[in-house]
Amino acid sequence: MWIFKWFLLFLVALPVLMVVSGRILLGQDYRTANRDSAGIAPDPKLTPEAVVEVYAARALDWRGIFAVHTWIAIKPESAATYTVHQVVGWRVRRGLAALFSESGIPDRNWFGSRPELLADVRGAEAARAIEKILKAVETYPYANEYRLWPGPNSNTFTAYIARQVPELKLQLPVTAIGKDFPIDGMPLERAASGTGIQLTIYGLLGVIVGIEEGLEVNLAGLSFGLDIKHPALKLPFIGRLGFPLFPKTEETIRRSEETTP
């Protein structure tokens, strides 16, 4: 019994720690929150090769305590702009499709929260991936649906695309709540990275074992895990504690902040 009490105390302490540390921005007004580029994605005018990038950023306001929002940006060879593919809940409330694609900034802040780079593919491999991504976007089964928890949501969409595009080798963070939501109710599926398997019951209880993901256990949408390939402990609310997937991301963000007037 005492173990259960300490576990509950641990779970309560994690979100409090995130808020106190300033990593979660509460009270953000979506109309005025920062939506500028974070300076991570390569300039398409200076980068003729094909590019595919996947990003995650803390969700708006209190939702950011629990989860991140993820999206996919693609730039075909010689293209002058990126196309961003994502799922957003407010569109459903307005009678629109949750899934939409538009030309835009690939690495823009998500209403004040800076994005984290999850995958970066370039050149011929990116060109092949883009063909698969476009086909997967067309076949996503929940294009007109959105449920904050346990899914389908933005992270369900990104996980679906990743399973169709093994070139991404995408490891979604444990804070991407909804990534474990089963497509068409199937309890057994490939892991999002394509390097393992996932067993899940409606996205509320399950386990993932994979080369990229390591080991993850999902309890009521809160995931705990251990990344062996990129050594890190993975915790709900907090995310990764250990080596980052893309060490240059923080350096790039810091450089963009220093050059912003």
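Among what's in region 142-192 and is of a type in the set (Gly, Ala, Ser) and surrounded by fewer than 23 Cβ atoms within 10 Å (Cβ to Cβ), pick the residue that is farthest from residue 125 (Cα to Cα). Taking the candidates together, the pick is 185. Kindly evaluate residue 114 against the criterion of being of a type in the set (D, E, K, R) and either at pLDDT below 95 or within 14 Å of residue 54 (Cα to Cα) (or both). Spelling it out, residue 114 is indeed of a type in the set (D, E, K, R) and either at pLDDT below 95 or within 14 Å of residue 54 (Cα to Cα) (or both).
Going through region 1-45 one residue at a time, which ones are of a type in the set (D, E, K, R) and either assigned to a helix (DSSP H, G or I) or surrounded by 11 or more Cβ atoms within 10 Å (Cβ to Cβ) (or both)? If the condition is that a residue be of a type in the set (D, E, K, R) and either assigned to a helix (DSSP H, G or I) or surrounded by 11 or more Cβ atoms within 10 Å (Cβ to Cβ) (or both), then 5, 23, 35, 36 are the ones that fit. Taking (1) touching a residue at least 40 places away in the same chain (Cβ under 8 Å); (2) at negative phi in turn, residue 187 satisfies each apart from (1). Looking only at residues in region 121-131 that are out of contact with any helix residue (DSSP H, G or I) (no Cβ under 9 Å at 6 or more places or on another chain) and under 16 Å from residue 41 (Cβ atoms), the one that is modelled with the highest pLDDT is 130. Return the residue satisfying two criteria in turn: it lies in region 207-235 and is in contact with a Phe, Trp or Tyr (Cβ under 7 Å, 6 or more places away or on another chain) and not in a strand (DSSP E or B), and of such residues it is nearest to residue 168 (Cα to Cα). Going through the qualifying residues, I end up with 230.
A single member of 145, 102, 138 is of a type outside the set (A, V, I, L, M, F, W, C) and either more than 29 Å from residue 218 (Cβ to Cβ) or at pLDDT below 95 (or both), and it is 102. Each residue in region 143-196 was checked for being charged (D, E, K, R) and assigned to a loop (DSSP other than H, G, I, E, B), and 5 of them qualify.
Yes/no per residue for (1) farther than 19 Å from residue 130 by Cα; (2) without any contact (Cβ under 8 Å) to a residue 60 or more places away in the chain:
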position: 20; (1), (2): yes, yes
position: 24; (1), (2): yes, yes
position: 31; (1), (2): yes, yes
position: 37; (1), (2): yes, no
position: 40; (1), (2): yes, no
position: 44; (1), (2): no, yes
position: 49; (1), (2): no, no
position: 52; (1), (2): no, no
position: 59; (1), (2): yes, yes
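Return the residue satisfying two criteria in turn: it lies in region 68-115 and is surrounded by fewer than 21 Cβ atoms within 10 Å (Cβ to Cβ), of a type in the set (A, V, I, L, M) and outside any strand (DSSP E or B), and of such residues it is nearest to the chain's Cα centre (by Cα). The residue in question is 88. Taking the criterion of being farther than 17 Å from residue 159 by Cβ and of a type in the set (Phe, Trp, Tyr), the residues of region 186-244 that qualify are 224, 237, 243.
Checking every residue in region 189-204 against the condition of being closer than 27 Å to residue 41 by Cα, polar (S, T, N, Q) and modelled with pLDDT of 90 or more gives at least one match.
Within region 122-140, residues that are over 21 Å from residue 100 (Cα atoms) sit with their Cβ atoms under 9 Å from residues that are of a type in the set (S, T, N, Q), at 6+ positions apart or across chains, in these pairs: 122/47.
Each residue in region 123-141 was checked for being buried (at least 17 other Cβ atoms within 10 Å of the Cβ) and under 20 Å from residue 206 (Cβ atoms), and 0 pass.
The values are calculated or read from the model by the stated rules, or taken from the named source; none is laboratory data. The shown structure was predicted, so the numbers you read here are calculated from the model rather than taken from an experiment. All Cβ positions, glycine included, derive from the backbone under ideal geometry; neighbour counts span all protein chains shown.
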